[in-house]
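First up is the structure itself, then whatever we jot down about it.
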Amino acid sequence: AVVSTQSGHYGREFRDMVSSVGAPSLVDVVSRLYNEYNTKTPQKLKIIDAYLGYIMITGVIQFVYCCLVGTFPFNSFLSGFISTVASFVLGVCLRIQSNPQNTAVFKDITVERAFADFIFAHCVLHLVVLNFIG
Amino acid sequence: KQWYQRRVAITAGDFSLADGAEEVTLHQVFVRFTNTKTKQNVFFIAQADLKKKYTIDLNFRSAAAKSFGSVGGQYSVDLIVGDATLPQAMVIDVATLNLEIPDSKEPAADLSKQAKPEITHLFRQPEKRPPQAISAVFTGLVLLPALVLLIMWAKLGANISNIQISLSSIGFHGGLLAIIAIYVNFFLGVNMFTTVKCLAGVAVVTFLCGQRLLSSIAAAKKAK
C-alpha cells in the first residue's frame with residue numbers, strides 16, 4: 001500500500017509540474033530528486049549511502065594517484081582499488097537487502113542476516129586485500 | 001734440419017706379443033712437437049694406411065703458420081702411443097729438431113693464465129618512485145574522506161544508543177576488534193599461516209556471538 005501511494009503521489013505532482021511549465025528542466029528534476037531522497041529515504045539507508053559515497057571517493061582518489069605517479073607497485077594499486085570497489089559492491093548489497101521496500105524480494109533474508117553477510121564478506125575481503133597489497 | 005715437404009713415415013710394430021716383428025694398428029698414435037723454450041705442444045695425429053704404416057702429413061709451409069704459430073726454435077719430437085689393449089700409454093722420444101721458420105714470430109703471450117678483465121655486477125636499479133611528499137599528501141587525502149564520513153554520519157543522526165551490553169554483544173564487537181588487530185599484525189609482517197591459525201579461533205567465537213546477538217535483535221524487532 002505504501003508503494004502505490006508513493007508512486008501515485010509522485011505521478012500527480014509530476015503532471016502538475018509538467019502542465020505548469022512545459023517540459024521539466026534538469027534543475028527541476030535534480031532538485032525534486034534531492035527533496036524526495038531527503039524526505040522519503042529511511043535514516044538507515046541514508047547512513048549506508050553516506051558510507052557508499054565515502055568508499056567511492058576513496059576509490060577515485062586512489063585511481064587519480066595511480067594515474068599521476070604510474071603503476072609501479074601494481075599489486076598495491078590493484079589491491080587498494082579493488083578493495084574500494086568490492087566494499088562498494090558489498091555496501092550496495094547491504095543497502096538493497098535492508099531496504100524495507102524490498103522485503104517482498106528478500107523473503108528469507110532479514111536485515112540482520114544481510115548485515116552478518118556484509119561483515120563476513122568484509123573479513124574475507126580484507127584478508128585477501130592485505131595479502132595482495134604486498 | 002729444415003724439412004719442407006717431407007713425409008714422416010713411422011711404422012708402429014714393436015708392440016705385438018707373438019714374435020715382435022708383426023705390424024699392428026693401434027687406436028691412438030700421436031706425434032708431439034714440444035718447443036723446448038716455451039713448452040708449447042703441437043700435436044699431429046698419425047694415420048695408418050692399408051699397409052699398416054703410419055704417416056703424418058706435414059706440409060711445413062702451411063703448418064708453420066697454422067699449427068706452430070710461426071714460432072721457430074728447438075722442438076723435441078715425441079711419439080705417443082695408446083690403445084685399449086696396452087696397459088699403459090707410451091711416450092717415446094724420437095728426435096729433437098731445430099725448426100727455422102722464415103718470419104719467425106715471438107711466441108704469443110699465454111693469455112689463458114692471466115687474469116681476465118674485472119666485471120662489476122650491475123645490480124638492478126630500483127624503479128622510479130614518486131617523491132615522498134606526493135605520497136604523503138595522497139595518503140592524507142585518502143584518509144580525509146573517512147573524516148567526512150564521520151561528520152556526515154553525525155549529521156544524519158547515526159548513533160549507537162541502541163547497543164545492549166550483553167555477553168554476545170561484547171563477544172561480537174571484541175571479536176571484530178581482534179580480527180582487525182590480527183589483520184594489522186598480518187600487514188606488519190606476520191606470515192599467513194600464523195594469521196589464519198589465530199583467525200580460525202577468533203572467527204568461530206565472533207561468529208557464534210554475532211549470530212546470537214543478531215538473532216536477539218531480530219527477535220526483539222519482531223516482537224515490537
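The values are calculated or read from the model by the stated rules, or taken from the named source; none is laboratory data. Just so you know, these numbers come straight off a predicted model, no measurement behind them. So basically every Cβ, Gly included, is an ideal-geometry build from the backbone, and we count neighbours across all protein chains shown. Accessible surface areas use protein heavy atoms only, side chains included; no ligands, DNA or RNA. Shrake-Rupley method; radii C 1.70, N 1.55, O 1.52, S 1.80 Å.
Return a yes/no flag: does region B:183-204 have any residue that is facing another protein chain (nearest Cβ under 10 Å), in a helix (DSSP H, G or I), over 30 Å from A:Cys66 (Cα atoms) and charged (D, E, K, R).
no
Anything in region A:64-78 that is part of a helix (DSSP H, G or I), open to solvent by 30 Å² or more (accessible area, probe 1.4 Å) and within 11 Å of chain B (Cβ to nearest Cβ)? List them, or say none.
A:Val64, A:Tyr65, A:Leu68, A:Val69, A:Phe74
Restricting to region B:24-71, what's the tally of residues that are among the hydroxyl-bearing types (Ser, Thr, Tyr), assigned to a strand (DSSP E or B) and at pLDDT 70 or above?
Going through region B:24-71 one residue at a time, the tally reaches 1.
Assess whether A:Phe81 counts as being touching a Cys at 6+ places or on another chain (Cβ under 8 Å) and within 13 Å of chain B (Cβ to nearest Cβ).
So A:Phe81 fits the description; yes.
What number of residues in region A:41-51 are out of contact with any Phe, Trp or Tyr (no Cβ under 7 Å at 6 or more places or on another chain), surrounded by 12 or more Cβ atoms within 10 Å (Cβ to Cβ) and part of a helix (DSSP H, G or I)?
6
Under 7 Å between Cβ atoms, which residue pairs at least 6 apart in sequence (or on different chains) link something in region A:92-110 that is within 13 Å of chain B (Cβ to nearest Cβ) with a partner that is among the hydrophobic types (A, V, I, L, M, F, W, C) and part of a helix (DSSP H, G or I)?
Partner pairs satisfying both residue conditions: A:Ser98/A:Val111; A:Ser98/A:Ala114; A:Thr110/B:Ala218.
Output the number of residues of region A:84-114 satisfying the condition of being open to solvent by 50 Å² or more (accessible area, probe 1.4 Å) and touching a Cys at 6+ places or on another chain (Cβ under 8 Å).
So the answer is 0.
Can you name every residue in region B:137-168 that is in a helix (DSSP H, G or I) and either open to solvent by less than 50 Å² (accessible area, probe 1.4 Å) or facing chain A (nearest Cβ under 7 Å) (or both)?
Selection gives B:Phe138, B:Gly140, B:Leu141, B:Val142, B:Pro145, B:Ala146, B:Val148, B:Leu149, B:Met152, B:Trp153, B:Leu156, B:Ser168.
Name, by its number, the condition in (1) more than 24 Å from B:Ala218 (Cα to Cα); (2) within 12 Å of another protein chain (Cβ to nearest Cβ) that does not hold for B:Phe172.
(1)
Taking the residues in region B:83-94 that are assigned to a strand (DSSP E or B) and at pLDDT 75 or above as candidates, determine which candidate is surrounded by the fewest Cβ atoms within 10 Å (Cβ to Cβ).
Ranking the candidates gives B:Asp93 first.
May I ask you to verify whether A:Thr84 is among the hydroxyl-bearing types (Ser, Thr, Tyr) and assigned to a helix (DSSP H, G or I)?
Criteria met by A:Thr84.
State yes or no: is A:Leu125 within 12 Å of chain B (Cβ to nearest Cβ), at pLDDT 90 or above and open to solvent by less than 70 Å² (accessible area, probe 1.4 Å)?
When the stated conditions are applied, A:Leu125 passes them.
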